[in-house]
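As structure tokens, the structure follows; a few thoughts come after it.
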Amino acid sequence: MRIDVVSIFPEYLAPLELSLIGKARQDGLLELNVHDLRSFTTDKHRTVDDTPYGGGAGMVMKPEPWAQALESVSRTREGSKPVLIVPSPAGERFNQALAYELAEEEHLVFACGRYEGIDERVIDWAQDHFTVRPVSLGDYVLNGGEVAVLAMVEAIGRLLPGVVGNPESLVEESHSDGLLEYPVYTKPSAWRDHDVPAILLSGNHGKIAQWRRHEQFRRTAERRPDLLEGFDAGGLSRADRNAL
Ligand code: ADE
């Protein structure tokens, strides 16, 4: 996969050189380039923003530097349109299903807005060159798209073949099956008056799997009941149904 990130703070993306994503880049599993939006300006002051038409607080990002930057990164193989992800609190919600969907793409471009946002005409213009998806990390406001890009690139990048050493760990984690993950424990089995649940020491793998599944339902019902809306409870055991 190829990823391009355009930002006025390229240094913000430095953590993408670390850990699993950094290693994936070194191993050639992921080609990731960060571009400074200001390098696509033509004036002496390298201006990227201006006051909003219609008045109001703050500044809006000018269209031309964005068009130049996006044109330069969209020049890839003929025929396939890259996906342009515009992080914004006004976008569709990012979740694990979208991470899986985007992990199938060949080329992702992230446009990090700052200030009050990017001139909307950039989004309209970009439809001819990209599949455009405004995406929100959650219902809160960040100062810009960079932190959202760190989260999204990590969530997407770890799904690429070969990035996570043991692919089984992707199967058993929260949200992979629409439920939250079961609790996990390690040694020692007794610690400060808190014992590991006895079932996990029993060696009975069937019972352990049943207990873990039950914990997934119990936790999800307690912490994220919204995830269970529309969940088909018909195929569940009585114990799991009781956790709902
Ligand atoms: N930029 C500012 N706030 C954001 C959010 N909640 N999600 C994605 N990008 C953003």
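The values are calculated or read from the model by the stated rules, or taken from the named source; none is laboratory data. Everything numeric in this text was worked out from a predicted model, so none of it was measured. Cβ: placed from backbone, ideal geometry, glycine included. Neighbour counts: every protein chain shown.
Descriptive notes on the structure:
- Identity of the residue in the stretch 124-133, part of a loop (DSSP other than H, G, I, E, B) and within 18 Å of Glu92 (Cβ to Cβ), that ends up farthest from the chain's Cα centre (by Cα): Gln127
- Residues located in the stretch 130-154, provided they are of a type outside the set (A, V, I, L, M), closer than 23 Å to Ser19 by Cα and touching a Ser or Thr at 6+ places or on another chain (Cβ under 8 Å): Gly145, Glu146
- Pair list, Cβ under 8 Å, 6 or more apart: the stretch 219-243 residue closer than 14 Å to Tyr182 by Cβ and in a helix (DSSP H, G or I), other residue hydroxyl-bearing (Ser, Thr, Tyr) and modelled with pLDDT of 70 or more: Arg219/Tyr182
Conditions (1) of a type outside the set (Asp, Glu); (2) at pLDDT 95 or above; (3) within 21 Å of the chain's Cα centre (by Cα), marked per residue:
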site	(1), (2), (3)
Val60	yes, yes, no
Trp66	yes, yes, no
Leu70	yes, yes, yes
Thr76	yes, no, no
Val86	yes, yes, yes
Ala90	yes, yes, yes
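- Taking the criterion of being of a type in the set (Lys, Arg) and either more than 20 Å from Val48 (Cβ to Cβ) or buried (at least 16 other Cβ atoms within 10 Å of the Cβ) (or both), the residues of the stretch 102-143 that qualify are Arg114, Arg133.
- Yes/no for Asp195 being away from the ligand (no atom under 16 Å from the Cβ) and more than 26 Å from Val83 (Cα to Cα): yes
- Val34 closer than 26 Å to Ala14 by Cα, more than 16 Å from the ligand (Cβ to nearest atom), in contact with a helix residue (DSSP H, G or I) (Cβ under 6 Å, 6 or more places away or on another chain) and hydrophobic (A, V, I, L, M, F, W, C): yes
- When Arg121, Arg212 are checked against the criterion of being outside the structural domain of Met61 (by TED's automatic domain parsing) and either outside any loop (DSSP other than H, G, I, E, B) or within 16 Å of the ligand (Cβ to nearest atom) (or both), Arg212 stands alone in meeting it.
- Look at (1) loosely packed, with under 11 Cβ neighbours inside 10 Å; (2) of a type outside the set (Gly, Ala, Ser); (3) within 14 Å of the ligand (Cβ to nearest atom) and you find that Glu146 fails only one, number (1).
- Residue match in the stretch 207-221 (condition: aromatic (Phe, Trp, Tyr) and either in contact with a Gly (Cβ under 8 Å, 6 or more places away or on another chain) or surrounded by fewer than 11 Cβ atoms within 10 Å (Cβ to Cβ) (or both)): no
- Subset of the stretch 61-101 that is over 28 Å from Glu154 (Cα atoms) and of a type outside the set (Lys, Arg) - its residue that is surrounded by the most Cβ atoms within 10 Å (Cβ to Cβ): Pro63
- Counting the residues of the stretch 78-118 that are away from the ligand (no atom under 16 Å from the Cβ) and either closer than 29 Å to Val60 by Cβ or part of a loop (DSSP other than H, G, I, E, B) (or both) gives 9.
- Selected residue [out of contact with any His (no Cβ under 7 Å at 6 or more places or on another chain), aliphatic (A, V, I, L, M) and loosely packed, with under 11 Cβ neighbours inside 10 Å] from Val171, Val153, Val196, Val164: Val171
- Condition check for Val34: in contact (Cβ under 8 Å) with a residue 40 or more places away in the chain and within 21 Å of the chain's Cα centre (by Cα): no
- Pairs, first assigned to a helix (DSSP H, G or I) in the stretch 134-160, second within 6 Å of the ligand (Cβ to nearest atom), C-beta under 7 Å, six or more apart: Ala148/Pro87; Ala148/Leu137; Ala148/Leu142; Val149/Pro87; Ala151/Leu137
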